Amino acid sequence: MHALVKCDPAIFSRSSILYIFLSRHMTLPLFQQYVKEEIEKQHKSTTPAGINLTDTTKDALTHEEITLSVLSLQIAEGLPAVITVIMLGAISDKTGRRKILLWMPSLGSVLYSFIYIMIQYTGWNLDGLFMASALRGLSGSMTAFLAGGTFYAINSSNKENRSTRLGVQEFLNGIAYAIANIMVGYWWDSDKFGVFAAVAMVVAAIGAAASPVILKPYLSDINITFIGLFSKAIGTMWIAVVKNETVLYFAILLLVGELLPFPMLRSVVSNSIETTDQGSLFALMHCGESISYFLAPLMFQAIYLHTFKFFSGFVFVISVTLLVIPVVFTM
């Protein structure tokens, strides 16, 4: 017990970050698959006998309802989360209780998982998922947890080691993403792009953890950020133009630095603001991340559907073009 008390607190914080990331990355695809299967069952059992719809029409209607349901569930969680995390950030700055940004979203995830299990075993309809999503959103969701984790990593180390600690946090996120994709694959068949994304995230996670240690003696945080943005740009462009599946996997190596801008920029920002204001700052930063994660799939689908006939990689070219914005702001 005495040895446990003397154990480095960072071990416990990193373990909690790994497990919450793992839980998040596992539940997200599983709930989407569950929604898909339930709506398909409803369409098969509720189609009126007198109406003769072609398979193409049925599939289109089913896909549209699935998309709207998943989008509605994301809104039910995302909007309350944005509001809650701003409030929690202000409360943490005012009271000094920084851990509220960690335990509140953890509690919300537990409630979400409990309701999800109840739906599975009691026959509740999909409306129960809206309640679960809203509760997790009101707890701050991953937006609050990321803000709290960033604050802890920054203020539990000196300025020289901040980027390294934040890089480790991105490493844990990437590893959790890869493990979750592998584990979720046991529940349904995964496609090749899922495997590609998992392997790419593992390599990027290793790059995020190792690069600050290797490059910090020679380069500033801003210069390392530029390396990460260049890695993301060249890897994404490779995916856009390469058609051969074997050659495509070389993009994994090109994307090795794609996660670097996140810890580097957080480290830069933390060095230019007082500790008493960091809770609100990181809450706002991660709100921006949360909104971008919400909008990105919608933009991807809209652009891809209108451009895949003449150039399937056009959406990736747009993605590379958008990287000009962070480059300009960090110069």
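The values are calculated or read from the model by the stated rules, or taken from the named source; none is laboratory data. Since the structure is predicted, the reported quantities are computational estimates derived from the model, not experimental observations. As a convention, Cβ positions derive from the backbone with ideal geometry for all residues, glycine included, and neighbour counts pool all protein chains shown.
The condition of being aromatic (F, W, Y), more than 18 Å from R162 (Cα to Cα), surrounded by fewer than 18 Cβ atoms within 10 Å (Cβ to Cβ) and over 19 Å from the mean Cα position of the chain (by Cα) holds for only one of F300, F310, F294, that being F310.
Considering (1) surrounded by fewer than 21 Cβ atoms within 10 Å (Cβ to Cβ); (2) modelled with pLDDT of 80 or more; (3) aliphatic (A, V, I, L, M); (4) out of contact with any Pro (no Cβ under 9 Å at 6 or more places or on another chain), the lone condition that L126 does not fulfil carries the number (2). I'd like to know if segment 218-225 contains one or more residues that are over 22 Å from G167 (Cβ atoms) and either surrounded by fewer than 16 Cβ atoms within 10 Å (Cβ to Cβ) or at pLDDT 90 or above (or both). No, segment 218-225 has no match at all. The set of residues in segment 81-98 being free of Cβ contacts under 8 Å to residues at least 60 places away in the same chain and more than 15 Å from D277 (Cα to Cα) consists of I83 alone. Checked against the criterion of being modelled with pLDDT under 75, surrounded by fewer than 18 Cβ atoms within 10 Å (Cβ to Cβ) and under 24 Å from G207 (Cα atoms), segment 173-182 has at least one qualifying residue.
Among residues of segment 207-226 that are within 13 Å of P261 (Cα to Cα) and touching a residue at least 12 places away in the same chain (Cβ under 8 Å), those with a beta-carbon under 6 Å from a residue that is among the β-branched types (V, I, T) and part of a loop (DSSP other than H, G, I, E, B) at least six positions away or on a different chain give the pairs G207/V256. The set of residues in segment 121-180 that are part of a loop (DSSP other than H, G, I, E, B) and small (G, A, S) comprises G123, S139, G140, S156, S157.
Residues that are touching a residue at least 60 places away in the same chain (Cβ under 8 Å) and either touching a Cys at 6+ places or on another chain (Cβ under 8 Å) or aromatic (F, W, Y) (or both) within segment 241-276 comprise just one, F262. Residues in segment 226-267 that are among the basic types (K, R) and more than 14 Å from E170 (Cα to Cα) were compared, and the one that is surrounded by the fewest Cβ atoms within 10 Å (Cβ to Cβ) is K243. The condition of being assigned to a loop (DSSP other than H, G, I, E, B) and closer than 30 Å to L73 by Cβ holds for E258. Counting residues in segment 269-287 that are part of a loop (DSSP other than H, G, I, E, B) and hydroxyl-bearing (S, T, Y) gives one or more.
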